[in-house]
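Let me begin by presenting the structure, written as structure tokens, before commenting on it.
The values are calculated or read from the model by the stated rules, or taken from the named source; none is laboratory data. In this text, all values refer to a predicted model and were calculated from it rather than measured experimentally. As a convention, Cβ positions derive from the backbone with ideal geometry for all residues, glycine included, and neighbour counts pool all protein chains shown.
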Amino acid sequence: MSLSRIQIGLCAGRLVRPALVCAGLLVAPVLAASPAVAQVTAARPSTGPLFFRPGSQGAAFELLRLTETARADGLDPKRYRSRDLARLARAAEAGNPQAIARADRALSELFVRYAQDLRRAPNVGIVYVDGELRPQAPSAATLLAAAAAAPDVAAYMRNMGWMHPYYAQLRRQLTDARPDPATASLVTKNMLRVRSLPATGRYVLVNVAAQRLFMIDNNQTVDMMRVVVGKPVYPTPMMAGLIRYTSLRPYWNVPSDLAAERIVPNVIKGGTPYLRAKGYQVLSDWSDKAKVVSPASVDWQAVAAGKKEVRLRQLPGPANSMGDMKFMFPNPQGIYLHDTPQDELFGEAARLFSGGCVRLEAAHRLAAWLYGKPLRAKGAAPEQKVPMAKPMPVYLTYLTAVPSGNELAIYEDIYKKDGVPAARQRVASR
């Protein structure tokens, strides 16, 4: 595509022509190449320039179009000097080898600068339990090698191949569709959240707003399922961690606040037989060596009044709230993915019933994908730990606007994070 669509400015009142040098603008570098970029571009003679090789037609325009509208990314377009770089690109169209080399170096520097800015972790409230999952700006060599390997460099730039696939699609909703201010604000917030997600790879994605889990492999959704997430008073947090093992026939270690809210009133009402009927045990303390103690040793009224705490766990079995398995990515909040015996909840439109953890519609299906084979407990022993050969990234995110073909699917802001009036939202089905 011709660069004439990029506004290239005036020089002494005249439109800059490809062969025109005006006030030295086409001689001095517009963006000085960093040593890393210079090293990569110097090694290109065998492959040809990235932006001006056969099959790269339009790549420079696509990049300049992005940087010219960088305000959509929350970035300052002045940092990228897109119009000055358009002059260099126009000069290169004449075919002069020196002009091509100069423009290719400058555009490579521009690409690296812009891509690195976008890949840095945004401040959106996500907790990175495992630091290696925090977005990092890739090296110049990594970025340029990935772009050079793309079958169509122009399409790679247009689709922002260094970002999660949602990003470019959401961005186009903002820059091309020209939505109303409320929708624009919503899209912008979700673009920031998408920047926390990887550009490629194999991982588990839980969209808490949509109440769905996705199994992703190289940008393809290979499976999905409905999930139950936290009530608004116990919201499922945005979090990224590594699933390190699965526990088969797990205990449910009941958090103190949930024990006081859900279980203690039933004990006071029905006595300790309630605990036996539901498979609960009272433990001496919170250590790994805690012992089972008699329920009669607990002052249940004091626990109900908030004066004391009680540690409860539920034994494995059909009534256990963890179901057959739980997938552990150890974190201070005690959040994990787990099976559930309450299958009827997955038929609800709004599945906000948990204390923060994520309940799975098909835990055995997720296990088979993670391990490459079905997982089954061996015998009746509780807490059978099955390590992952390679820990699997899991991202719990909160996307209330996602691409759906050429449209925008908008989910209800269940935790009131967006600040967009509900009346302006077109709520998608979960």
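Cβ-Cβ distance below 6 Å, separation of 6 or more or different chains: which pairs start in region 124-152 with a residue that is within 22 Å of P391 (Cα to Cα) and end on one that is of a type in the set (S, T, N, Q)?
Going by the 6 Å Cβ cut-off, the qualifying pairs are I126/S196; V129/N331.
State yes or no: is Y245 more than 18 Å from the chain's Cα centre (by Cα), surrounded by fewer than 21 Cβ atoms within 10 Å (Cβ to Cβ), closer than 16 Å to V394 by Cβ and not aliphatic (A, V, I, L, M)?
Working: more than 18 Å from the chain's Cα centre (by Cα): yes; surrounded by fewer than 21 Cβ atoms within 10 Å (Cβ to Cβ): yes; closer than 16 Å to V394 by Cβ: yes; not aliphatic (A, V, I, L, M): yes.
So Y245 fits the description; yes.
Has region 57-64 got any residue that is over 30 Å from Q169 (Cβ atoms), out of contact with any Gly (no Cβ under 6 Å at 6 or more places or on another chain) and modelled with pLDDT of 90 or more? Before you say what the answer is, go through the steps one by one.
If we filter region 57-64 for residues that are over 30 Å from Q169 (Cβ atoms), which is where we start, we get none.
Checked against the condition, which is being over 30 Å from Q169 (Cβ atoms), out of contact with any Gly (no Cβ under 6 Å at 6 or more places or on another chain) and modelled with pLDDT of 90 or more, region 57-64 yields no hits at all.
For V187, are the conditions met, namely being modelled with pLDDT of 95 or more and in the same structural domain as M224 (by TED's automatic domain parsing)?
Details: modelled with pLDDT of 95 or more: yes; in the same structural domain as M224 (by TED's automatic domain parsing): no.
So V187 does not fit the description; no.
Within region 208-215, is even one residue in the same structural domain as A350 (by TED's automatic domain parsing) and on the phi > 0 side of the Ramachandran plot? First the steps, then the outcome.
Going residue by residue through region 208-215, those that are in the same structural domain as A350 (by TED's automatic domain parsing) are 208-215.
Filter once more, so that each one left must be on the phi > 0 side of the Ramachandran plot: 211.
Yes, that holds for at least one residue.
(1) touching a strand residue (DSSP E or B) at 6+ places or on another chain (Cβ under 9 Å); (2) not in a helix (DSSP H, G or I): which one isn't true of M163, the others all being true?
Among (1) touching a strand residue (DSSP E or B) at 6+ places or on another chain (Cβ under 9 Å); (2) not in a helix (DSSP H, G or I), M163 violates only (1).
Would you mind listing the strands (runs of 3 or more DSSP E) fully within region 381-430 where at least 1 residues are farther than 30 Å from Y251 by Cβ and modelled with pLDDT of 95 or more?
Details: elements: 384-397, 401-404, 407-410.
Because the criterion is at least 1 residues that are farther than 30 Å from Y251 by Cβ and modelled with pLDDT of 95 or more, the strands (runs of 3 or more DSSP E) in region 381-430 that meet it are 401-404, 407-410.
Testing T67 on (1) modelled with pLDDT under 95; (2) β-branched (V, I, T); (3) within 24 Å of A155 (Cα to Cα), one condition comes back false. Which one is that?
(1)
For the subset of region 285-300 comprising residues that are out of contact with any strand residue (DSSP E or B) (no Cβ under 8 Å at 6 or more places or on another chain) and touching a residue at least 24 places away in the same chain (Cβ under 8 Å), which member is nearest to S321 (Cα to Cα)? Walk me through how you get there before you give the answer.
Keep residues of region 285-300 that are out of contact with any strand residue (DSSP E or B) (no Cβ under 8 Å at 6 or more places or on another chain), which gives 287-289, 296, 299-300.
From what is left, the residues that are touching a residue at least 24 places away in the same chain (Cβ under 8 Å) are 296, 300.
Numbers: A296: 24, W300: 22 Å.
Only one residue fits best here, namely W300.
Please verify whether L370 is touching a residue at least 40 places away in the same chain (Cβ under 8 Å), part of a helix (DSSP H, G or I) and over 15 Å from P250 (Cβ atoms), treating the condition exactly as stated.
Working: touching a residue at least 40 places away in the same chain (Cβ under 8 Å): yes; part of a helix (DSSP H, G or I): yes; over 15 Å from P250 (Cβ atoms): yes.
Criteria met by L370.
So R178 ticks every box in (1) under 29 Å from S108 (Cβ atoms); (2) assigned to a loop (DSSP other than H, G, I, E, B); (3) outside the structural domain of D73 (by TED's automatic domain parsing) but one. Which box is left unticked?
Every condition holds for R178 apart from (1).
Among V282, V267, V222, V303, which is the only one that is assigned by TED's automatic domain parsing to the domain that holds P341, in contact (Cβ under 8 Å) with a residue 24 or more places away in the chain and β-branched (V, I, T)?
Just one listed residue meets the conditions, V222.
Before we move on, is Q98 on the phi < 0 side of the Ramachandran plot, in contact (Cβ under 8 Å) with a residue 24 or more places away in the chain and of a type in the set (S, T, N, Q)? Talk me through it step by step, then tell me what you get.
Working: on the phi < 0 side of the Ramachandran plot: yes; in contact (Cβ under 8 Å) with a residue 24 or more places away in the chain: no; of a type in the set (S, T, N, Q): yes.
The answer is no for Q98.
If a residue has to be buried (at least 22 other Cβ atoms within 10 Å of the Cβ) and free of Cβ contacts under 8 Å to residues at least 40 places away in the same chain to count, how many in region 168-193 make the cut?
0
For region 209-234, give me the residue count where each residue is touching a strand residue (DSSP E or B) at 6+ places or on another chain (Cβ under 8 Å) and part of a loop (DSSP other than H, G, I, E, B).
Within region 209-234, the first condition is being touching a strand residue (DSSP E or B) at 6+ places or on another chain (Cβ under 8 Å), and the residues that meet it are 210-218, 221-232, 234.
Applying the additional criterion that residues be part of a loop (DSSP other than H, G, I, E, B) yields 210-211, 218, 231-232, 234.
Here the count works out to 6.
Quick check on N159: is it without any contact (Cβ under 8 Å) to a residue 12 or more places away in the chain, surrounded by 16 or more Cβ atoms within 10 Å (Cβ to Cβ) and under 23 Å from the mean Cα position of the chain (by Cα)?
Details: without any contact (Cβ under 8 Å) to a residue 12 or more places away in the chain: yes; surrounded by 16 or more Cβ atoms within 10 Å (Cβ to Cβ): yes; under 23 Å from the mean Cα position of the chain (by Cα): yes.
In short, yes.
Consider P273 carefully, then state whether it is surrounded by fewer than 17 Cβ atoms within 10 Å (Cβ to Cβ) and either more than 29 Å from P393 (Cβ to Cβ) or in contact (Cβ under 8 Å) with a residue 60 or more places away in the chain (or both).
Working: surrounded by fewer than 17 Cβ atoms within 10 Å (Cβ to Cβ): yes; either more than 29 Å from P393 (Cβ to Cβ) or in contact (Cβ under 8 Å) with a residue 60 or more places away in the chain (or both): yes.
In short, yes.
Hey, among D84, D117, which residue is assigned to a helix (DSSP H, G or I), in the same structural domain as Q39 (by TED's automatic domain parsing) and touching a Gly at 6+ places or on another chain (Cβ under 9 Å)? Walk me through it before giving the result.
Values: D117 fails: touching a Gly at 6+ places or on another chain (Cβ under 9 Å).
Just a single option satisfies the conditions, and that option is D84.
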